[in-house]
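The next block holds one structure in the form of structure tokens; read it before the comments.
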Amino acid sequence: MATKHIKKSQKETDESILGGDHTYGSVNEKISSIVLTKEFKPVWLFGFAVALTLFLVLQISVGRLFTHYIGIWGINVPVGWGFDIINFVWWIGIGHAGTLISAILLLFKQQWRTSINRFAEAMTLFAVACAALFPILHLGRPEKFYWLFPYPSTFGVWPQFRSPLEWDVFAVSTYATVSALFWYVGLVPDLAALRDRTKHQGLKVLYGVLCLGWRGSARHWFRYETAYLLLAGLGTPLVLSVHSIIGLDFATSIVPGWHATIFPPYFVAGAIFAGFAMVITLAVPLRKIYHLEDFITMKHLDNMAKVMLATGMLVGYGYAMEAFMAFYSGNNYEIAMMKNRLIGHFAPFYWALIVCNLLAPQILWSKKARGNLVILYIVAMFVNVGMWLERYIIIVTSLARDFIPSSWHDYAPTIWDWGIFLGTFGLFFTLFFLFIRFVPMISVFEMQELVHKKKHGH
Amino acid sequence: MTHDEEEKLYGLMAEFDTPEALVQAAERCRKEGYKKMDGFSPFPVHGLPEALGLPRNKVPLVTLCMAILGALGGFFLQYWVNVIDYPLNVGGRPYNSWPAFIPVTYECTILFASFGAVFGMFTMNGLPKPYHPVFNVERFALMTNDRFFICIEAGDSLFELTRTRRLLESLKPHGVYEVPS
């Protein structure tokens with residue numbers, strides 16, 4: 001009786017992550033046909049045009065930065081980190097959900113990851129590309145960014161490896177490289193599927209080259225699966241380390257509000273929280289526009305909402321501990337910083353952040369709310385904004401009000417700060433629109449595997 | 001069939017509708033003593049490596065070696081830079097402040113291990129390889145869609161066209177094809 005019950009519930013789960021009556025061929029057909037068509041959907045064209053326009057804003061803003069340097073931004077003493085670092089941390093945090101879905105959920109054998117991992121990984125890549133721009137742009141001399149890498153230069157100077165900012169260079173570049181490798185390895189069999197499906201000779205050659213001549217050999221699959229699993233195993237500690245190191249950028253300093261041991265884990269939780277909000281932001285319109293309701297089902301959205309709720313609570317714990325430790329420490333500067341946030345100069349931002357990150361997601365305790373796309377979307381938007389505000393609060397409150405009142409100074413972003421921030425949305429969405437049109441946005445072979453598992457109930 | 005014609009053959013290929021049929025076929029061929037054979041499927045089929053009698057793969061070993069190389073390389077790069085070639089005195093801390101070198105060492109370990117896993121896998125798989133005889137079979141283009149194939153190579157010591165063909169046909173395939181080399 002009990003086993004029967006378990007079997008039944010197992011079957012229900014399987015069905016709810018893959019709707020409809022799909023075969024190996026129909027899965028391939030459905031996903032490949034989005035790529036292998038001459039048609040451009042009007043929605044796609046409109047979205048792409050908007051994204052390109054914003055991308056142009058980025059180019060203009062960066063061009064201005066290159067000719068006039070960072071004096072055009074709102075940063076100054078004492079607020080030396082402004083939009084640049086806020087946006088850097090925000091974007092890279094968004095990327096973390098992609099790695100979580102593709103690597104950590106793979107290790108946990110969560111089958112629901114299958115239909116969302118490809119575009120979540122793409123989201124990671126593009127978010128990291130946006131993030132990586134900021135530390136380079138905020139260098140006083142961005143054209144000398146390569147000095148950060150240890151290379152044998154003629155003037156005999158080397159980087160300083162005791163600095164967390166140098167750790168960042170390694171963490172972010174490793175993260176970008178490994179994410180790209182993971183994404184490409186997953187893509188290889190699907191590119192072979194496109195090669196076999198397309199009638200266009202030029203495309204056949206192109207896909208044939210890109211898939212490295214993949215032929216689905218059992219020997220190849222055998223090593224492939226091992227490598228994929230190993231990559232997932234390597235990606236899991238990597239993603240935790242990247243945001244921990246970003247947390248250390250702050251925590252190793254003595255600035256009030258930054259010098260906290262909770263920062264690395266609290267940053268990781270925040271990153272995954274923000275990332276899932278972004279995955280929902282992207283998935284809801286995608287499934288609607290490309291009619292992927294069979295593949296990205298309500299079960300997926302429900303699970304993502306749960307992860308968002310759970311990580312949101314972890315972040316809430318982080319806020320609580322931050323406030324508690326500030327008062328418990330008895331340190332005047334820490335207490336002043338916290339009062340500034342709670343009831344002082346920065347209170348409006350702080351409470352907006354609490355509403356967005358802590359209160360708004362609470363509605364997701366209700367199954368009904370998780371099943372309602374409008375509510376889910378609005379909550380995800382709240383979290384997107386809230387996580388940006390969180391970084392704003394962390395960076396600006398601490399820097400604008402540090403130890404000596406005579407050095408206090410407020411921060412206000414300029415039009416160029418906004419230009420680069422909006423511009424990165426242009427870069428992100430330009431890449432994302434190209435991705436959904438020219439690359440299979442759902443992994444074909446993993447979906448075929450899911451069809452197989454569904455058929456045989458294991 | 002003459003010896004010459006057999007020379008031009010890469011092997012014999014049988015097509016199946018389901019992964020289960022492919023695994024059974026592989027099992028049978030292995031029991032018959034064939035060694036130079038391979039299965040082809042749109043997605044990894046569980047039980048197929050065992051059915052084909054494939055040895056353990058060496059991807060984990062390569063990954064481990066690269067991970068160790070990355071860890072040592074990452075640490076000693078920092079050691080050499082900050083202790084030997086360009087010693088910097090930061091607030092009187094030791095030149096070899098190894099705890100501060102851990103994050104970069106860690107990242108280098110993961111980077112090198114990932115290179116090992118990915119490039120090791122592709123290299124051992126002999127990819128990229130734009131041309132392969134199996135692509136000569138017209139039906140093989142359907143593999144990535146929903147077809148499953150097994151191919152016994154002519155290079156196998158037991159391979160004999162009529163006998164091997166009879167064996168493959170006995171497995172109730174969708175079809176048996178000659179693969180020109």
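Rule-based calculations on the coordinates, nothing more; no lab input. Everything quoted here is computed from the prediction, not taken from an experiment. Note that we place each Cβ from the backbone using ideal geometry, even for glycine, and neighbour counts take in every protein chain shown.
If contacts are Cα pairs under 8 angstrom and at least 6 residues apart, what is the relative contact order of chain B in percent? Taking the mean separation of contacting Cα pairs over the length of chain B, I get 48 percent. Neighbours of A:ALA336 by Cβ distance under 12 Å: Lys/Arg scored +1, Asp/Glu scored -1, total +1. Working note: 222 nm ellipticity from helices only, DSSP H runs with n ≥ 4, each -39,500 (n - 2.57), summed and divided by the residues of chain A, gives -23000 deg cm²/dmol to the nearest 500. Short-range pairs are left out: with C-alpha atoms under 8 Å and at least six residues apart, the relative contact order of the stretch B:59-124 is 58 percent.
With q set to 0.19, 0.26, 0.27 Å⁻¹, the log10 of I(q)/I(0) for the stretch A:38-120, from the Debye formula over equal scatterers at the Cα positions, is -0.97, -1.15, -1.17. Enumerate the whole-percent occupancy of each 10 Å bin, from 0 to the last occupied one, for all C-alpha pair distances of the stretch B:101-151. Answer for the stretch B:101-151: a P(r) of 19, 29, 24, 15, 11, 2 percent. Helical content of chain B, expressed as a calculated mean residue ellipticity at 222 nm, amounts to -14500 deg cm²/dmol (DSSP H runs of 4 or more residues, -39,500 (n - 2.57) each, divided by residue number, nearest 500). Projecting the Cα atoms of A:GLY74, A:ALA380, B:ASN136 onto the charge dipole of the protein assembly as shown, computed from C-beta unit charges around the Cα centre, puts A:ALA380 farthest toward the positive end. Taking a ≥ b ≥ c as the square roots of the Cα gyration tensor eigenvalues, with a/c under 1.5 meaning rounded and otherwise prolate when a/b beats b/c, else oblate, which class fits the stretch A:331-419? Taking the square roots of the gyration eigenvalues as a ≥ b ≥ c, the stretch A:331-419 is oblate.
Its Cα gyration tensor gives chain A an equivalent ellipsoid. The semi-axes, each the square root of 5 times an eigenvalue, are 40, 27, 21 Å from largest down. Among the chymotrypsin sites (Phe, Trp or Tyr not before Pro) in the stretch A:350-458, those located in a DSSP loop and surrounded by at most 14 other Cβ atoms within 10 Å of their own Cβ are A:PHE403, A:TRP408.
For chain B, the longest stretch holding no chymotrypsin sites (Phe, Trp or Tyr not before Pro) located in a DSSP loop with at most 16 other Cβ atoms within 10 Å is which? Between exposed loop sites, the widest span is B:1-94. Helix B:98-124 and the long axis of chain B differ in direction by around 20°, with both axes built from C-alpha atoms. In whole angstrom, note down how far apart the Cα centers of the stretch A:24-39 and the stretch A:432-458 are. After rounding, the separation between the Cα centres reads 11 Å.
A simple charge model with +1 on the Cβ of Lys and Arg, -1 on the Cβ of Asp and Glu and nothing else charged puts the dipole of chain A at about 1400 debye relative to its Cα centre. Helices of chain A meeting both criteria, an alpha-carbon length of 27 angstrom or more along the long axis and an average Kyte-Doolittle score not below 1.0, with helices taken as full DSSP H segments, are A:42-68, A:117-137, A:263-289, A:373-392, A:415-438.
A Cα-only calculation for the stretch B:59-124 places Rg and Dmax at 14.6, 49 Å. Within the straight-line cut-off of under 15 Å between alpha carbons, the aspartates and glutamates reachable from B:LYS31 are B:GLU50, B:ASP156, sequence neighbours fewer than 8 places apart in one chain being disregarded. Note: relative contact order over the stretch A:208-361, using C-alpha pairs below 8 Å and six or more positions apart, is 19 percent.
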